[in-house]
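Student: Take a look at the following structure, please.
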Amino acid sequence: MTKKRGFEIVSKYKDADVNLPVRQTTNAAGYDIESSEDFIVPSIWKFGVLNVIKFIFGKGKIDENKTEEIKKSIKPVLVPTGIKAYMQDDEVLIIASRSSNPLKRGLSIPNGIGVVDADYYNNDGNEGELFVQLINFFPLDYKIKKGERLAQGIFMKYLTTDADEGGLKERQGGFGSSGL
């Protein structure tokens, strides 16, 4: 039987008691994706967000050295999952936030959704491990526990344009490697 789509545990988590994603109900579209380890998602507020807001509205000044420090401090984090996904060439795995994340945890996927292409599987950069990109807009750091459900993965087919020539290059790495 040829494999069509699914999840596997990446090598470095083989003996780490990581769960493969499952759907919680019969009609659920998404497979719940868990954290593979305890992880801290820092609050954006402790890194000078108020100073940035003051600067934006012209009531404060931020020197250039501080600007770089703030950019590094309030960027999203990548939470490891210990899993990878395989799928058909004309499919994509969408990583979507759980509906309870913003309301209960203050967590959000900053780019709206994550897009995992079929050629991300077993790439040379990280074996295709999925990461959930999160930002914490609550005032306190959020402590993720190993096994905590962070996101849901939804497999979908996608369409291409009439003029599509199949892409310009092959993937050369892991997370974010097909872009800039």
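Read-outs throughout are calculated quantities, based only on the coordinates presented, and are distinct from any laboratory measurement. Predicted model, so just to flag it, every value in this text is computed and none were measured. Every residue, glycine among them, receives a Cβ derived from its backbone with ideal geometry; neighbour counts consider all protein chains shown.
Student: Given H placed on each backbone N at 1.01 Å, which residues far from R23 in sequence or on other chains put an amide H within less than 5 Å of it?
Tutor: Close amide H contacts, sequence-distant or interchain: D32.
Student: May I ask you to derive the FRET efficiency for N122 and L20 from their Cβ-Cβ distance with R0 = 22 Å, giving the value to the nearest 0.05?
Tutor: E between N122 and L20, to the nearest 0.05, is 0.85.
Student: Among residues other than G30 whose Cβ falls under 12 Å from its Cβ, what is the net charge (Lys/Arg +1, Asp/Glu -1)?
Tutor: Around G30, the charge tally is +2.
Student: Residues in segment 119-152 near a label at W45, defined as backbone nitrogen under 11 Å from the 7 Å Cα→Cβ point?
Tutor: From segment 119-152, the list is 137-141.
Student: Continuing with this model, one more query. Along the charge dipole of segment 58-161, which of I94, F137, S108 sits closest to the positive end, that is, farthest toward it, with unit charges on the beta carbon of Lys, Arg, Asp and Glu (+1, +1, -1, -1)?
Tutor: F137
Student: Let me check I've understood the local charge: for E148, count other residues with C-beta under 11 angstrom from its C-beta, Lys and Arg +1, Asp and Glu -1. What total comes out?
Tutor: +2
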